[in-house]
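The structure appears right after this line, and notes come after that.
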Amino acid sequence: MDITQIVVIISLLAITTVIVVVGIYLIKLIKDLRITVGQTNQIITSVSGPVSSVSEFLMGFKNGFTVFNSFFKKDKKEKDNS
C-alpha cells in the first residue's frame, strides 16, 4: 500500500467516526427537546386555566361596570332634555 492510500483510509475512518458521533448526539438532543416541549406544554396547560378564569372574572367585572354606567347615562340624558 502506498502512503497516500493509508492517509485516505485513515481520513475516511476519522470523518465517518465524527459523522456517526454527531448523528448520535443529534438524536439524543432531539429526544431531550421532545421531553422539554412536553413538559413545557404541561406547564402552559396548567397555567392557562387560572389565567382564563382571571380573564373571565375581569371581563365580567368590566361588563358589570358598563351596565352600571349605562343606568346613570340615561338619567343624565333625561335631565338634560327637560
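Only the coordinates and a few stated rules stand behind these numbers; no lab work does. A quick note: this is a predicted structure, and the numbers were derived from the prediction, not measured. Note: ideal-geometry Cβ built from the backbone for every residue, glycine included; neighbour counts use all protein chains shown.
In the chain, helical runs assigned H by DSSP with n ≥ 4 each contribute -39500 (n - 2.57); averaged across all residues and rounded to the nearest 500, the mean residue ellipticity at 222 nm is -37000 deg cm²/dmol.
Here the gap between residue 29 and residue 2, fully extended at 0.36 nm per residue and compared with their Cα-Cα distance, gives a gain of 5.6 nm. Pairs of lysine residues in the chain that meet both criteria, 8 or more places apart or on different chains and Cα atoms under 27 Å apart, total 5.
In the P(r) worked out for the chain, what percent of Cα pairs fall beyond 19 Å?
Numbers: 2422 of 3321 pairs.
Across the chain, Cα pairs with separations above 19 Å total 73 percent.
Farthest toward the positive end of the dipole of the chain, out of 17, 59, 69, is the Cα of 69, where the dipole comes from beta carbon charges about the Cα centre.
The HN-Hα couplings worked out from phi for the stretch 18-24 by the Karplus form 6.51 cos²θ - 1.76 cosθ + 1.60 (θ = phi - 60°) are 5, 5, 5, 5, 5, x, 5 Hz, whole numbers, x standing for Gly and Pro. Here the Karplus curve 6.51 cos²θ - 1.76 cosθ + 1.60, taken at θ = phi - 60°, turns the phi angles of the stretch 47-57 into couplings of 7, 5, x, x, 5, 5, 5, 5, 4, 5, 4 Hz, with x standing for Gly and Pro. Along the stretch 5-12 the Karplus relation, 6.51 cos²θ - 1.76 cosθ + 1.60 evaluated at θ = phi - 60°, assigns HN-Hα couplings of 5, 5, 5, 5, 5, 5, 5, 5 Hz to successive residues, with x for each Gly and Pro.
Placing unit charges on C-beta atoms (Lys and Arg positive, Asp and Glu negative, everything else neutral), compute the dipole magnitude of the stretch 3-74 about its Cα centre in debye, rounded to 20.
It works out to roughly 380 debye.
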